[in-house]
C-alpha cells in the first residue's frame with residue numbers, strides 16, 4: 001500500500017490552505033488518484049497546469065480513510081521528530097472529529113439470489129431485499145463460497161439497482177461489493193480470499209486507472225475489468241466528450257495495459273474521444 005511522505009504531506013497542507021501548486025511538483029501516484037476521483041482539481045492556463053483544492057474537507061477525509069491521518073499539520077510536526085516512528089506519527093496526527101468517519105469498518109454487499117458464506121467459521125446466508133443491503137463489518141471473518149464471483153461496483157447507483165443489470169452478468173453466483181465507503185477494507189478482504197474478482201467501473205481513463213491502481217496491481221490474474229457486450233454501441237449512443245477532455249492528461253500508456261479488454265477500451269476512448277459512465281447501463285440493460 002502507498003505511504004504518505006512528509007514531503008508530499010507538506011504540499012497537501014499548502015493545497016488545503018488555499019494555495020495552488022504546479023502539477024510538475026506533484027508527480028505522485030497518490031496525487032494522481034486524488035485528481036482522478038475529484039478530491040483535487042487541475043487548472044490549465046496554456047501549457048501550464050496547477051493543482052488546487054476545491055474542498056479542504058474532502059482532502060482531509062481522504063487522508064483519514066487512506067492513511068489514518070486526521071490532522072496533517074500534526075503529522076508533519078510529529079514525523080519531523082527523528083526518534084518518533086511513523087506509526088506513532090500517525091497516531092499523534094489522529095483527530096477525533098475526522099476519525100468518526102471510520103467508526104464503522106467494512107463495506108456493503110448485494111446479490112441477485114441468496115448466497116452462502118461463512119462468518120467467523122459459521123455458515124451465513126446473504127439474502128437480497130428490495131431497498132436494503134448487507135453491511136459486512138467484520139470482513140476478516142467473512143468468507144464467501146469458493147464458486148462465487150465477486151463483482152466490485154464503482155458507482156453507488158449501479159450498486160443500488162443491480163437487478164436492472166442482470167443480463168450484463170451471465171455468471172451463476174455473483175456477490176456485488178460496493179467500492180464506497182472508500183477505504184482499504186475492500187482490497188484487504190479481496191487479498192485474503194481466493195475468489196475471482198471482476199471490476200465494474202466507468203469506461204473512461206479514470207475508470208481504468210482506478211482499476212489498475214486500486215485492484216489489479218494487488219490481485220493480479222484474479223482480477224479482470226468488466227467489458228459489456230456491444231460496448232462500441234454504448235460509446236456511440238452515450239459517449240461523453242467532456243469526460244475525455246477532462247481525463248486526457250491522466251491517460252495510461254496503452255502498452256502498459258495488462259488485459260486485451262483494457263486495450264480495446266483504450267482504443268475506443270481515443271477513437272471516439274469520449275468516455276462512458278457506468279450509470280448508463282442501468283437503463284441500457286433494460287431496453
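Every number in this text was worked out from the coordinates using simple rules, so none of it is lab data. What you see is a predicted model; the values in this text were computed from it and never measured. Positions of Cβ are backbone-derived with ideal geometry, glycine not excepted, and every protein chain shown enters the neighbour counts.
Here are the numbers for the structure shown:
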| item | result |
| --- | --- |
| Extension reserve of the residue 52-residue 242 stretch, reckoned as 0.36 nm per residue once the Cα distance is removed | 66.4 nm |
| The chain - share of DSSP beta bridges that are antiparallel (%, nearest 5) | 65 percent |
| Separation in nanometres of the label points that stand 7 Å from Cα toward Cβ, at residue 5 and residue 29 | 1.3 nm |
| Inter-label distance, nm, simple model (7 Å from Cα along the C-beta direction), residue 112/residue 173 | 1.5 nm |
| Cα gyration tensor category, rounded, prolate or oblate, for region 126-171 with a/c compared to 1.5 | oblate |
| Structure-based [θ]222 nm, the chain - -39500 (n - 2.57) summed over DSSP H runs of at least 4, per residue, nearest 500 | -9500 deg cm²/dmol |
| Relative exposure of 66, 137, 199, judged by other C-beta atoms within 10 Å (fewest first) | 137, 66, 199 |
| Förster-model FRET efficiency, 35 Å R0, residue 132 and residue 37, C-beta, rounded to 0.05 | 0.80 |
| Correct choice for Cα extents along the principal axes in Å that was computed from the model, options [x] 54, 34, 33; [y] 51, 45, 33; [z] 54, 52, 33 | [z] |
| Alpha-carbon centroids, region 105-128 and region 214-287: separation in whole Å | 30 Å |
| Packing rank of 140-152, 248-260, where each peptide gets the mean count of other beta carbons within 10 Å, highest leading | 140-152, 248-260 |
| Point-to-point label distance, residue 191-residue 141, nm (Cα→Cβ direction, 7 Å offset) | 2.2 nm |
